[in-house]
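**Q** I have a structure I would like to understand better, so I am pasting it below and will then ask my questions one at a time.
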Amino acid sequence: QAGILDEADMPNGLSGAKKGVLAWLIAQRLGINDRWKAFEQFWNVNSENLRTNHYIGMNQQQMSHFIDNINNIIR
């Protein structure tokens, strides 16, 4: 409903950094230990790219607003 994922639960128009952060947040919420491999398979993306994009995203100041929005959605 928030438009972050499409009807197939794939990221909807998100930057690579936001995809990485989103995967990390969802995995944290669901208790998924091997988050990068899980989302590599689920979203059909390279796990190393996802991990790198997460790192990049976490170092962007504007990402805190995105993280707050996602945390409000997945609580």
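**Q** Tell me whether the chain comes out rounded, prolate or oblate; compute the Cα gyration tensor, take square roots of the eigenvalues as a ≥ b ≥ c, and use a/c under 1.5 as the rounded threshold.
**A** Here the chain falls in the rounded category.
**Q** Please list LEU14, LEU25, LEU5 from largest to smallest accessible area, probe radius 1.4 Å, with all protein chains kept in place.
**A** LEU5, LEU14, LEU25
**Q** Can you tell me, using C-alpha contacts under 8 Å and at least 6 residues apart, the relative contact order of the chain as a whole percent?
**A** Dividing the mean separation by the residue count of the chain yields 36 percent.
**Q** Starting with the highest mean, order 15-21, 34-40 by the number of other Cβ atoms within 10 Å, averaged over the residues of each peptide.
**A** 15-21, 34-40
**Q** Continuing with the same structure: Can you give me the accessible area per residue for the chain, using a 1.4 Å probe, in Å²?
**A** Per-residue accessible area for the chain comes out at 67 Å².
The values are calculated or read from the model by the stated rules, or taken from the named source; none is laboratory data. Source: prediction; values computed, not measured. Methodologically, a virtual Cβ is constructed for each residue, glycine included, from the backbone with ideal geometry; neighbour enumeration extends over all protein chains shown. Each accessible area value is taken on the protein alone, full model and side chains, heavy atoms only, with ligands, DNA and RNA left out. Shrake-Rupley method; radii C 1.70, N 1.55, O 1.52, S 1.80 Å.
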